[in-house]
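Engineer: Questions regarding the structure given below will be posed in turn.
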Amino acid sequence: LSDYAKILQLFIRECETPMTIGLQGDWGIGKSTLLNMLRTELENKHPIIDFNTWQYSLFGQDEYLGLSAVSAMLTLIEEKFKDHLDKDKDSAWKRASNKVKGVLRTVKVGIGPVSIGMANDVAANESSAPDYTDISGIMKDLKNDFESMIEEILKKAGPKKISKIIFFIDDIDRVKPVKALELLEALKNFFDVKGCVFVLAVDYEVVQIGMADKLGVDLQKLSGKSFFDKIINLPFSMPTQSYSLDKYL
């Protein structure tokens, strides 16, 4: 895989943003290994945010997975760029953090007529938590805050120090297929933010099974591939045909 890692890291360093790269292949075929190789090649040149989705799917609260992922991502960004982020109450990071925490404090997460303003109110006052929250509306609003936050980090650091931020998202295929789909739907709001490169390790078939479970087989056959095409700019199939398993063993 090392030759592929060298070429991919060169592409990541030179590419325009936003960019989403999908490392596609079956479970256990080497996607995490390739990510580790990319990390070694890139970590001294660009800041990397490592995000393992499996860690956020172990708590049995599947309906919170998308927002839990965003909450974790905000925490990782804060840890990585604490010197480049404003923390006052009107900052992009604080707004985003309050919205996510506000929703995660609610009793239930589902589809319902709750505005972004209500989510902000919940962040300020836990006792006002509504029964249901419109997750899709919150996600779209969070994207604006995320965009402002990335712009702020890049501007404060300067283009010579940080020209782009790279996000590694691994182990999507360890999550239940329907939840893997929902996780991608939640994160796709952030994939087209300028200054960001997302590298996803994902099993295409797992997401297709999730689409079939959630939307039905007929709709999955019609729109399954287009879903991937919309969120992944550069699909990379793991080069299993060039593996020499006898030599490896």
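Engineer: Before we move on, is Thr33 modelled with pLDDT under 95 and either more than 19 Å from the chain's Cα centre (by Cα) or more than 20 Å from Lys188 (Cβ to Cβ) (or both)?
Structural biologist: Criteria met by Thr33.
Engineer: So, in region 1-51, of the ones that are farther than 18 Å from Ile232 by Cα and part of a strand (DSSP E or B), which residue ends up most open to solvent (accessible area, probe 1.4 Å)?
Structural biologist: Asp50
Engineer: If you don't mind, there's one more thing I want to ask. Could you tell me which numbered condition Val197 fails, if it satisfies all but one of (1) open to solvent by 10 Å² or more (accessible area, probe 1.4 Å); (2) at pLDDT 90 or above; (3) in contact with a helix residue (DSSP H, G or I) (Cβ under 6 Å, 6 or more places away or on another chain)?
Structural biologist: If we test Val197 against (1) open to solvent by 10 Å² or more (accessible area, probe 1.4 Å); (2) at pLDDT 90 or above; (3) in contact with a helix residue (DSSP H, G or I) (Cβ under 6 Å, 6 or more places away or on another chain), just (1) comes out false.
Engineer: While we're here: List the number of the failed condition for Met238; all other conditions in (1) hydrophobic (A, V, I, L, M, F, W, C); (2) out of contact with any strand residue (DSSP E or B) (no Cβ under 8 Å at 6 or more places or on another chain); (3) open to solvent by 10 Å² or more (accessible area, probe 1.4 Å) hold.
Structural biologist: Result: Met238 passes all but (2).
Engineer: Out of the residues in region 50-80 that are small (Gly, Ala, Ser) and more than 20 Å from Ser148 (Cβ to Cβ), state the one that is modelled with the highest pLDDT.
Structural biologist: Going through the qualifying residues, I end up with Ser68.
Engineer: Could I ask something else about it? So Ser127 ticks every box in (1) hydroxyl-bearing (Ser, Thr, Tyr); (2) more than 21 Å from Ile162 (Cβ to Cβ); (3) at pLDDT 50 or above; (4) not in a loop (DSSP other than H, G, I, E, B) but one. Which box is left unticked?
Structural biologist: If we test Ser127 against (1) hydroxyl-bearing (Ser, Thr, Tyr); (2) more than 21 Å from Ile162 (Cβ to Cβ); (3) at pLDDT 50 or above; (4) not in a loop (DSSP other than H, G, I, E, B), just (3) comes out false.
Engineer: Further question: Among Ile209, Ile162, Ile153, Ile166, which is free of Cβ contacts under 8 Å to residues at least 40 places away in the same chain, farther than 21 Å from Val103 by Cβ and β-branched (Val, Ile, Thr)?
Structural biologist: Ile209
The values are calculated or read from the model by the stated rules, or taken from the named source; none is laboratory data. What you see is a predicted model, and the numbers here were worked out from it, not measured in a lab. Positions of Cβ are backbone-derived with ideal geometry, glycine not excepted, and every protein chain shown enters the neighbour counts. For accessibility, only protein heavy atoms count, side chains too; no ligands or nucleic acids. Shrake-Rupley method; radii C 1.70, N 1.55, O 1.52, S 1.80 Å.
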